[in-house]
Structure formats: structure tokens, C-alpha cells
Amino acid sequence: MFSRLTTWLLGNTLCRENAPVKAHVRYKDVFSIAGIIGMVTLLGLLIHYLGFSDVSVITLYILAVQIIAVRVSGRISNAVVSLLCVAIYNFFFTDPKYTLLAYDPDYPMTFVIMFIVSFLAGSLADRLKRMAGQSERNRYRTQILYDTSQLLNKALVSQEAAEVLGVQLHKLLDRDTVVACIDEEGKIACRYYPDTCRSTFEGQADQDALVWSVRSRAKSGAGTSVYPGARCSYAPLYQGSHTYGAVGVLPGDAGLDEFSESIMSAIISQCELAMENIRSVKDKEEAAMKAQNEKLRADLLRSISHDLRTPLTSISGNASMLMNSEQTFDEATRRQLYTDIYDDSIWLVNLVENLLAISRVQNGTMQLRTTTEVLDDVIDEALRHIDRHVQEHTLTVRKSPDIILAKMDVHLIVQVIINIVNNAVKYTPAGSEIIVSTSQKQNMAYITIQDNGGGIPEEERPHLFEMFYNGSKEVADARKSMGLGLALCKSIVEAHGGSIFEKNVVPHGAAFVFTLPTEELPDGEQKV
């Protein structure tokens, strides 16, 4: 009967202390308590048999109460266990033994003191257990807050920050969570955590509360006076004059404790600041890009207006003389005028080609139409279209002994070779040697165009591939380029997955080298 009473008391006590725990867990704890007390009793009987004092036995039971307090929480259960240990000690170790009677008048005081000491020791152990548990929960929540800060610092767009917010809130609260963001079109897009909890937020009251929080930038839903019939609580995400969305959490029957609410508010605040920083960085980048585009446009217009005047004036002047006085000129003079018109028109054609190509690079519309080509054939094609003044130089082509196949957009790579060779023709004196050579290292093809002219001044080398930079070196016809050729070459080569660089040649001269990825043809296929 005493055993059944103890089981009933412990079962009800454990049920109240851990309401969510199911019945089989409570009985498991009861059996554990019974086992600990049974082992302590057997050990006490052994100690008593060996002649040790009753103080040692009492100490064992106090130790048992502390062990049980660590395993089972609750003051009531601790009191019941303490009372049970006193009763068992009375039953087995006081005269008359094996009864609950006590003859010695000092025993009642001993039992009271034993109960008080056991209860206090067990309560202290239970309290330390609870404090350790709370400390661990606080550490876990603080770690989540720290992790959130680290993840938000890595977010590059608002959607990534919202993803971090949803994941971390669900991890912190273990409650159904929704994060709503306003997209670029002003629409509200929702993400759910976990993905299976969508039905939690599909009620009309919840949807209305969510929209109201976004538009009014105030809390709504459960626990508020706005849409109190909603299942979930909603809070807006905003910073300054910008609204980014809202977050919703299912509070549940127990609600949220004060510490969880404070951590939740801190995470939401971090997310709002991260979204504001992302927006600020984006605005600054857009402003910088706009300023850069305006600068490019101004530089382009200024270069065009300045550099086109000379060839157009020459073309119109020569054409006017031929139209009005052709018969007065001898054959050599007329030939020279025709040649000048041709040279100026070709210069304008190359300029327009570079302008069109660089504009496609700048606005991102340049599309590569790549094919696998024999590199030597592409070079031969490019050299057919270079400046006619190359006849005043010695042009040498050194081909690789092996056939090099490269994947490229032929038209664009031909334009790269023309630009670099024409620069060598333009900036080196007559009689200079220009050498075009090819080679292959591993999976890259190398195209080198070098000359034995005066080289490139050291102070100009860092700026060679900048747009609109044309250096200070004089050219034969006193007409500088617009500084687009090398910038365009760099963009085209990098779009192919290659690189371009310049190096001075010893004892004098300059060399431009660019690379292209090589590619092997499938077995059985030959390049014609």
C-alpha cells in the first residue's frame, strides 16, 4: 500500500512538473527513483552490517536525494523523495526494525532533521540544475544572436537578409515563422519557415494583419488590438522612410518569455539595419555608376567632337578640290588626294567599329559567337585589314610549329589584332620591325605582337588599358587616337576568358601579349 501511494504521489508530481511529458516517461522516472533508493538501501544495510554508524547511512540517503533531484525536477517530487528516504531509513535501520514505529525518543528529531537536510540538499541540486539549464538556453540564444549578426554582414541583397531572419527566428523560437518582403514591383512575397507551415498563415485574418503591418508599419495580429483574431503576431520591417516587409510568428498557447522576446526584437532590429545598409550601398553604387556613365558620355562626346574634326575636314577639303579643280592637278597630286581621302575614311571606319564595340561592352549587350578556329588563319585574316602604312615597316609573322586551335568570336579577335598592330604601326618610326608570333602553354594560346620602337614610358604603363587614355607620344600624322582601342581589346579578351598585358622589350621596344583558351576538336573531325 505504501509503495502504491508513493507511485501515485510521484506520478502526479511529475505530471505537474512536466505537463508535456507522456505517461511512459513518468513511470520510467519512477522506476529510476525506486532503483536509486533500492541501491542506497542495500549499500546502507551493508555498511550497517559492517558496524559503521547510522550517520553514514543517513549521509547515503541524503546523497540519493541529491542524485534524484538532478534527474527529476520539482520541489514537490523532492519533498516526496525526502519523506520516502526518511521512512525507509526508519523501516530498515531503527528499532523496532521492519516497522514504521520508533522506540527511541530521539528518533523523531532525527527524522525531522534528516528530512529537512535531505529536502534542502535536493532543492539546492534541483535549483542548480535549473540554473544550468537556463544558462545553457541563454547561451544558445545569445549564440543565435551572434550568428545572425555574422550572417547578416554577409548578405548582399535584402532577400538574403530576410532569409537569415526567417531561419534564425525559427531556430530561436521553434515556432512557425513567415517573412514577407516587398519586391521591386511593390508586391509582397512571403517565405515560410519551415516550408510546411504555409497553412498557419493562410487565414483571412492573418493575411489582412500581415498586409496591415507592412502598410501601417505597426504590430498587428494575436496579442494586439488590430486583427486580434489572427493566429499569429506580426511586426513590420522598416528603417527610416523605407519599408521592407514584415515578420510573423505563431506565439502558441504558452506565448513567448521575456528573454525570447528581447532576443527576437534584437534579431529583427539587426535585420532592419542590414536591409538599410544594403539599400544604402546599392544607392551609392547606382549613383557612382550613373556618375561614371555621365563621365564616359562627356569624355566620348568631347573626344568625338575634337578628333573627328581633322579627318572630316581633310576629307571634305580634298573632295572639294577634286570636284572643283580636278583638271588643274597632275596625276601624282590627284593620286595623293585620293589616298588621303581613303586613309581618313578608313580611320573613321575603324573608329566607328571601336565605338560600336565599346558601347556594346559598356551596356552588356556584346554577345560572343564562338567557334573553334585555327589561330594562324585568324591572324592572316586580321593582317589583311591593317593600316596601309605598315608597308613602311617590316612585318614578320612567326607561327607555332603546331596547329593551335582556340575558341573565339572571330570578328572580335580580328579587331583586337588589328588594333594592336595598328598601334605598333602608328607609334613606331618608319623602318621599325613588327613581329606577330603565336605559342601554346598548357590550355592557353599566347598571341604576342612586339616592335623594336622606343617602348612605352614607365609612367604611362599603368594607364594603357584605360578608356580614353591616349598617352603623350606623338604620331606621324599628328592625329592621336581616342584611347578606345586597348580598352576595347582588354574587354574582348577578358570576355573570352583570357588576359592581356604589356611588357617592354630589351634593349628597346614594346610587346603586347593576350591569351585565349585552346580547344581540341572531337576525334575524327578536321578543321578545313
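The values are calculated or read from the model by the stated rules, or taken from the named source; none is laboratory data. Keep in mind the model is a prediction, meaning the values are calculated, not measured. In this analysis, Cβ positions are derived from the backbone assuming ideal geometry, glycine residues included, and neighbour counts consider all displayed protein chains. Accessible surface areas use protein heavy atoms only, side chains included; no ligands, DNA or RNA. Shrake-Rupley method; radii C 1.70, N 1.55, O 1.52, S 1.80 Å.
Side notes on the structure shown:
- The 1.4 Å probe gives accessible areas that order Arg198, Arg141, Arg217, largest first, as Arg198, Arg217, Arg141.
- In order through region 156-171: 3J(HN,Hα) via Karplus (6.51 cos²θ - 1.76 cosθ + 1.60), integer Hz, x for Gly, Pro: 9, 10, 4, 5, 5, 5, 5, 5, 4, 4, x, 5, 6, 5, 5, 5
- Where only C-alpha atoms are counted, convex hull volume of region 244-294 per residue in Å³: 50
- Taking one quarter of the surface of the convex hull spanned by the alpha-carbon atoms of region 152-283 gives a direction-averaged projected area of 7.7 nm².
- Region 364-522, accessible area per residue, ligands and nucleic acids excluded (1.4 Å, Å²): 48
- Using a probe of 1.4 Å on the protein chains alone, the accessible area found for Phe259 is around 70 Å².
- For region 152-283, accessible area per residue (1.4 Å probe, heavy atoms of protein chains only), Å²: 52
- At 1.002 mPa s and 20 °C, Stokes D of region 364-522 from Kirkwood alpha-carbon radius, µm² per second: 133
- Of all DSSP beta bridges in region 364-522, antiparallel share, percent nearest 5: 85
- Expressed as a whole percent, the accessible surface of region 152-283 that belongs to carbon and sulfur atoms is 49, based on a 1.4 Å probe.
- Separation of alpha-carbon centers, region 414-444 and region 226-258, rounded to whole Å: 66
- Ignoring aspartates and glutamates fewer than eight residues from Lys407 along the same chain, the ones with Cα atoms less than 12 angstrom from its Cα are Glu373, Glu519, Glu520.
- Extension gain, Arg139 to Asp380, is 79.6 nm, computed as 0.36 nm per intervening residue step minus the present C-alpha separation.
- Sorted on the mean count of surrounding Cβ atoms within 10 Å across their residues, most packed first, peptides 423-435, 128-140, 267-279, 35-47 read 267-279, 423-435, 35-47, 128-140.
- Sequence-distant residues sharing a close amide H with Ala445 (under 5 Å, placed H): Leu516, Thr518
- Entries in Lys129/Lys171; Lys187/Lys295; Lys154/Lys290; Lys129/Lys219 that, when Cα-Cα distance is taken, lie over 31 Å: Lys187/Lys295; Lys129/Lys219
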